[in-house]
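Okay, so here's the structure we're looking at.
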Amino acid sequence: MDESKLKRCSTSSTHAEAADDPMQKDERELNDLETEVNSRKKQKQEEETTEKKKECCFDTKDAEGNNERTIFVTGFDTSGSRDEIRSALAKHFSSCGELTRVFVPIECETGVSIGYAFINLKRRVGDIEAALSLNESDLGGRKLLVTMATNREEYYIHINFKGCEICHAMFAAKRRERYRWKAQPRNGRVAILSPETEKWLRQIRKIPKIRKIRKMAKSKTKEG
């Protein structure tokens, strides 16, 4: 009898026994179950991380409140979270007086700051001057630019901002509110636009002038 055939048969029977071993079968099932559990945990963590990142820029009490006394700040490190940046700015400007608002606009999808912030102080003598004196001050190794918000385009429109569905719906509602106005006499004339719309248009018309001033300032800096 051919011994090689006997060896092949013996080997195949051994594999069959191993395949039918209940302990190995249970171990494989346990490993498969553990892999599935780990996969689901990872998926859940990724979903939670994504949900944390998705935060509407204007879904905060500080979103509203820009006015003629609002301070504009840029130049800070944008790698931190919104709360970290807000805390750092609040601490930096705390010497100027009582802060009533620190608004850090973010990109909704990523939660990353878009590079500037708005600060309001409780009205007191010298508070605005104290805040403006921090222009070119150091925060975390970076030089800040501090100026009145009304001197910046960002006060009137958000630059390089994509937003989310909530933002777009809010903007659309504001546009409808601005133009939902019936012509009626006001100050001896017929007003076609609402007071809010007229104020908004006056602000928008300032943007070209602001851009021109900033361009001239940059050219003077380069010449110097």
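Bear in mind these aren't lab numbers, they're just calculated from the coordinates by the rules spelled out. Note that the coordinates shown come from a computational prediction; the quantities given were computed from them, not determined experimentally. Neighbour counts are summed over all protein chains in view; Cβ atoms, including those assigned to glycine, are modelled from backbone coordinates with ideal geometry.
With the convex hull drawn over the C-alpha atoms of the range 51-177, the volume per residue is 107 Å³.
Which whole-number percent is the relative contact order of the range 51-177 (Cα, under 8 Å, 6+ apart)?
Working: 206 pairs, mean separation 41.2, N = 127.
Computed over the range 51-177, the figure is 32 percent.
Here the simple spin-label model places points 7 Å from the Cα toward Cβ, and for Glu29 and Lys91 these points are separated by 5.6 nm. Amide H contacts of Met148: Phe72, each under 5 Å away and 5 or more positions distant or on a separate chain (H built 1.01 Å from N in the peptide plane; Pro and chain starts excluded). Modelled this way, with points 7 Å down the Cα-to-C-beta line, the labels at Arg124 and Thr78 are 3.3 nm from one another.
In sequence order, the range 94-100 has phi-based couplings of 5, 6, 7, x, 7, 7, 9 Hz under the Karplus curve 6.51 cos²θ - 1.76 cosθ + 1.60, θ = phi - 60°, and Gly or Pro positions carry x.
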